[in-house]
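The values are calculated or read from the model by the stated rules, or taken from the named source; none is laboratory data. Being a predicted model, the structure only gives us computed values, none of them experimental. For neighbour counting, all protein chains shown are included, and Cβ atoms are generated from backbone atoms with ideal geometry for every residue, glycine included.
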Amino acid sequence: MCCKLSLLLVCHCTDGSSIKRAESTESKRDYSWYLPLYRASLSGDWKKAEEFLKRDEEASRAQINSLLQTALHVAVGVKGVKGKHFVKKLVATIKNKEDLTIRDCLGETALHYAARFGNLDAAKILATSYPRLLDIDCFDGLYPIHYAAEYGYFSVDVFAYFLSVTKDSAPYTGLKGVRLLYRLIHSDLYVSRFFISAAQVWLIDFARELVEEYPDLAKYDSDGKSALKELAMKEFTFLSGSHLNFWQQLLYYCVPVKSTSRSRQRRPNASDLENDSQMVKTKYVRIYFRTVIKKLHTLIFGVLEIVVPPLKHIRKKKLIHHNAVKYAECLCEKIETLNDKEIDSIVSRPLLDAACYDTYEHVEIIFRKFPSLAYCYDQDSKNILHIAIEHRCENVFNLICQMSQLQHQLMVSVDSSGNTVLHLAGKMARNKLNLVSGPALQMQRELQWFKEVKKIVPPLYWESLNGEKNAPYVVFTNEHEKLKVDGEKWMKDTSSSCTIAAALIATIAFAAAITVPGGNEQQSGLPIFSGNIAFIIFAISNAASLFTSSTSLLVFLSVLTSRYAEEDFLHTLPRSLILGLLTLFLSITSMMISFSATVYLVFGQKKAWVLVPVATMACLPITSFVLLQFPLLVALISSTYGAGIFGKKSNLLF
């Protein structure tokens, strides 16, 4: 293996002195000799390393393992005071600072390692000791600043440092500049799905500034990639891919973000002031108060961010989305200067990718700048509407459907397999099934898609055959056969479990109605506590528990005996399950109220404090039901009776 690595080093090195040095040390390359130095470098133990260097002064520049790393390569991986001290002392022992440029088997210097590991202290020591390290690229053509950008989410300070000291334009231009841009996109936006800091916000903003300064970076590189394409595949950079819950959405639309765009409003000139000074005064008063209100709004939310930490996260997320839109617009503006052929080659693929990932904001920006590209298609002759339907991208689908002319032209086309948009709606989108819980709800969502697409397709296409001689409804049935079976099993299992619970509650409620608390008077036969308010509460809640549990029992029995046709999953079965769960929840609540009233009647007539622990414990099963089953109930109600996933997405187009 050593021979292979040596050969790799010789093949990639362009510096003749490096080759000569590698050959001269070949006889000494017994890596076991350097094991003490290797261990000391890994642990940051300078005392042991110093002892070894006294025995072998050349070891400071020797390649000490099979990856051809020097002790400096290994040492920069150790952060903190200990690591900083080790690197500083080791660099001081290297008399010829050009030895700091020694590469490993991939052509990376120790500064590449410092950038990758986010070791700012080591990076400063190396760059200060030998500034030319900043301008040395590895065998893949990557500079240290590329690694700082790629791993910038660990420490944005490292990238900021490399940005301030890398003066050569080579890393920012041409293919190398494009690769730097990709790393900025991936470093920032991948992490922002889980955690957002000011670092991520700053990185994407810098990516936009980089494109402003070097417009050629908006083009493709030699691998057929483009910054626009990379951004299109990062769905979590846009609001449409964030999947915020109700409360997060409410906060999202309330929190302010500082716009980086400059106002282009014309300032009033002298003639305006002379012609209508009163109007100008009114205008400036309005602007002044608007500015004050805006600053007050920002100040209030600044205080709230301290009190409510999630608010800060939401604001940063919104700022990421805001900057991503600005970045996409900037890329499109630079591409606009190219000819039609270049525009088509650069923008078509990102447009289709954005449709695949359902980033409708990205699609909208491209539509604005390049409306003719709305009719582009991929290698399978699928246009943007085909892709949106096939991948169940409702945001892009809604955006296209609100543009009637574009919708009609796209929906009548077929792909290379003869599939219409209705055939594609009949195919199951397995990668989107997990957006809803439970096979029954998944089946309902698939049916909703098929019905919605059927609405926009002319009746002529309802029975059209594809290349396999199948009609759309046949494709749907074949594709969803297993999901239908799974949905039936899920519904029956859920109904069976709930049936048992409802039957038990009905039994208890019926028994409680016969044997009332406290018993009956011997002469009249009336309950002893009949005049007590707690007894009235008991009677009403017990009756409610009996009636609702009986209703729930009958509803779940009807679900168990249903025919389970495909159409039933759209409305019939979900409605039955909603009614069953609601009545079961009401029966549990009523039973707990009835039980609490009974305990109070028997034990708490002269001890009112008994009601407090009883009521508290009675809330436990109710809370458990809410936490465990209520999300399912909300999902059922939302998918069956809610606004749905289809509707207008933008007020800015057409």
| Within the bounds of region 398-420, is there any residue that is farther than 18 Å from Cys356 by Cβ, of a type in the set (Ser, Thr, Tyr) and at pLDDT 90 or above? | yes
| request: Could you tell me whether region 369-379 includes any residue that is assigned to a helix (DSSP H, G or I), without any contact (Cβ under 8 Å) to a residue 40 or more places away in the chain and in contact with a strand residue (DSSP E or B) (Cβ under 7 Å, 6 or more places away or on another chain)? | output: yes
| said: Quick check on region 442-453. Is at least one of its residues without any contact (Cβ under 8 Å) to a residue 24 or more places away in the chain, outside the structural domain of Ala539 (by TED's automatic domain parsing) and among the basic types (Lys, Arg)? | reply: no
| field | Test: residue in region 102-120 that is assigned to a helix (DSSP H, G or I), among the β-branched types (Val, Ile, Thr), surrounded by 21 or more Cβ atoms within 10 Å (Cβ to Cβ) and at pLDDT 90 or above | value | no
| task | Could you please let me know if Lys432 is more than 19 Å from Ala635 (Cα to Cα) and in a helix (DSSP H, G or I)? | result | no
| query | Which ones in region 82-136 are over 19 Å from Ala40 (Cα atoms), touching a residue at least 12 places away in the same chain (Cβ under 8 Å) and among the hydroxyl-bearing types (Ser, Thr, Tyr)? | reply | Thr101, Thr109, Ser129, Tyr130
| Matching residues, region 228-256, being in contact with a His (Cβ under 7 Å, 6 or more places away or on another chain) and surrounded by fewer than 18 Cβ atoms within 10 Å (Cβ to Cβ) | Pro256
| said: It is to be established whether one or more residues within region 591-599 are in a helix (DSSP H, G or I), closer than 14 Å to Ala501 by Cβ and either touching a residue at least 24 places away in the same chain (Cβ under 8 Å) or not assigned by TED's automatic domain parsing to the domain that holds Ala503 (or both). | reply: yes
| task | Examine region 503-522 for a residue that is within 24 Å of Gly642 (Cβ to Cβ), among the β-branched types (Val, Ile, Thr) and either buried (at least 20 other Cβ atoms within 10 Å of the Cβ) or modelled with pLDDT under 95 (or both), and state whether such a residue exists. | result | no
| task | For region 218-243, enumerate the residues that are modelled with pLDDT of 80 or more and more than 26 Å from the chain's Cα centre (by Cα). | result | none
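So that you can scan it fast, the table gives a plain yes or no per residue for (1) modelled with pLDDT of 90 or more; (2) assigned to a loop (DSSP other than H, G, I, E, B); (3) loosely packed, with under 15 Cβ neighbours inside 10 Å; (4) of a type outside the set (Phe, Trp, Tyr):
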position: Phe301; (1), (2), (3), (4): no, no, no, no
position: Ile314; (1), (2), (3), (4): no, no, no, yes
position: Ile343; (1), (2), (3), (4): no, no, no, yes
position: Ala355; (1), (2), (3), (4): yes, no, no, yes
position: Ile366; (1), (2), (3), (4): yes, no, no, yes
position: Arg392; (1), (2), (3), (4): yes, yes, no, yes
